[in-house]
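First comes the structure, then the notes that go with it.
No value in this document is a laboratory result; all are computed from the given coordinates. Because the structure is a prediction, the values reported are computed rather than measured. Cβ coordinates were reconstructed from backbone atoms using ideal geometry, including for glycine residues, and neighbour counts include every protein chain displayed.
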Amino acid sequence: MQQVISSRKIEITEKFILELDKHLNELKTGVVEKALEIHELADLLFIKKNHLSDTVKEVLGKSPCDIYEEKLVAISKDLIEHSNKPISEIARTLDYDPSNFTKFFKRFTGRTPKEYRNETQS
């Protein structure tokens, strides 16, 4: 039996994605320097973090953290491919310590940022 998802849950999920995309664009362009945490995104939507997590997972089948990380990886790839900025500067732009950024990126792509740059720019 297929579950029907309420329009309110869909609305919350859409607003979460909208706020997340807006925030990540601001982070990428340097408008903000600090990455928001999931509870801060929930606060922007005037809901509790657990409610946001449960709702997004029900609607999209993924947690807000998973979506956040997927979008960060996509932005990271874009910055690595289309800029000449040092990897450490890209890491700081996305509010990461460079060594943690390398671990984060490798966990999702199987390659270090430098390896990825070398593959995509050759």
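Quick notes on this structure:
- Within straight-line cross-link reach of K114, aspartates and glutamates at Cα separation under 16 Å, skipping those fewer than 8 residues along the same chain: D78, E81, E89, D97
- Peptide packing: for 28-36, 104-112, 68-76, the average count of neighbouring Cβ atoms within 10 Å per residue gives the ranking 68-76, 104-112, 28-36, highest mean first.
- Charge sum, other residues only, whose C-beta stays under 12 Å from L79's C-beta, Lys/Arg counted +1 and Asp/Glu -1: +2
- Positive minus negative residues near F46 (Lys, Arg vs Asp, Glu; Cβ under 14 Å): 0
- Multiplying the residue separation of D78 and R111 by 0.36 nm and removing their Cα-Cα distance gives an extension gain of 10.4 nm.
- Extension gain for D43-K103 works out to 18.7 nm (0.36 nm per residue, less the C-alpha to C-alpha distance).
- Along its three principal directions, the equivalent ellipsoid of the stretch 7-120 from the Cα gyration tensor extends over semi-axes of 28, 15, 11 Å, largest first.
- Cross-link partners for K15 among the lysines, with Cα-Cα distance under 19 Å and sequence neighbours closer than 8 places in the same chain left out: K48, K49, K57, K62, K71.
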